[in-house]
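Presented below is the structure to which this report refers.
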Ligand SMILES: [Zn+2]
């Protein structure tokens, strides 16, 4: 059964955002179904940005929109949470000629490994593929702040912040869109027995 994807703010998109949406559709990055998000909430849609980022020319094009918005910000480092944030952070760092690194979970805890160092006072732009509840973003923020660094904002390809999002940092996105999200106990897709998919990488 083909379900319509909820892009309920589609009419208010700028021409550039419409271009990003067209790339999402063209690359099959918009998935319909029943998904478990990193935060534990369920949704009827999922944005699989890896499908865009497999094409270097599309990766450049969508990240360029973010780069234009953040190029004059005072920052030293770009940090993306694995896995979704790795390529987005790298491509943004490449375009802005800034250091880009990634944080990853080990035993469920977000960490900087592989010799990545963030020093006290350094200014950090967190970069993600998609921000929903902000779980990964919040974990990276805590991680770099524990090292005395300062988070100056979060950049993402798709801003689809859900009601649970509570971080008070400026957001710079290539596209804003909404997808229906549900608490597990209230999820209508669970009620009709639709199989739940876990497309993210929280437990890698
Ligand atoms: Zn559900």
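Bear in mind that the values in this text are calculations on the coordinates, not laboratory data. Values in this document were obtained by computation on a predicted structure and should not be read as measured data. Heads up, the Cβs are rebuilt from the backbone with ideal geometry, glycines too, and the neighbour counts pull from every protein chain shown.
Consider region 105-115. How many of its residues are touching a strand residue (DSSP E or B) at 6+ places or on another chain (Cβ under 9 Å) and either exposed (fewer than 10 other Cβ atoms within 10 Å of the Cβ) or in contact (Cβ under 8 Å) with a residue 24 or more places away in the chain (or both)?
Within region 105-115, residues that are touching a strand residue (DSSP E or B) at 6+ places or on another chain (Cβ under 9 Å) and either exposed (fewer than 10 other Cβ atoms within 10 Å of the Cβ) or in contact (Cβ under 8 Å) with a residue 24 or more places away in the chain (or both) number 5.
Among the numbered conditions (1) outside any strand (DSSP E or B); (2) closer than 23 Å to residue 66 by Cα; (3) more than 16 Å from the ligand (Cβ to nearest atom); (4) out of contact with any helix residue (DSSP H, G or I) (no Cβ under 6 Å at 6 or more places or on another chain), tell me where residue 118 comes up short.
Condition (4) is where residue 118 drops out.
For region 161-202, which residues satisfy the criterion of being away from the ligand (no atom under 13 Å from the Cβ) and without any contact (Cβ under 8 Å) to a residue 60 or more places away in the chain?
Matches in region 161-202: 161, 163, 165, 166, 167, 168, 169, 170, 171.
Check 158, 154 and return the single one that is without any contact (Cβ under 8 Å) to a residue 40 or more places away in the chain, more than 16 Å from the ligand (Cβ to nearest atom) and on the phi < 0 side of the Ramachandran plot. Step through it out loud before you land on a result.
Values: 158 fails: without any contact (Cβ under 8 Å) to a residue 40 or more places away in the chain.
Being without any contact (Cβ under 8 Å) to a residue 40 or more places away in the chain, more than 16 Å from the ligand (Cβ to nearest atom) and on the phi < 0 side of the Ramachandran plot holds for just one of 158, 154, which is 154.
Filter region 152-166 for residues that are within 14 Å of residue 78 (Cβ to Cβ) and surrounded by fewer than 21 Cβ atoms within 10 Å (Cβ to Cβ) and give the result. First the steps, then the outcome.
We begin by selecting, within region 152-166, every residue within 14 Å of residue 78 (Cβ to Cβ); these are 152-157.
Hits for region 152-166 are 152, 153.
Take the residues in region 186-196 that are under 11 Å from residue 44 (Cβ atoms) and in contact with a strand residue (DSSP E or B) (Cβ under 6 Å, 6 or more places away or on another chain), then tell me which one is surrounded by the fewest Cβ atoms within 10 Å (Cβ to Cβ).
194
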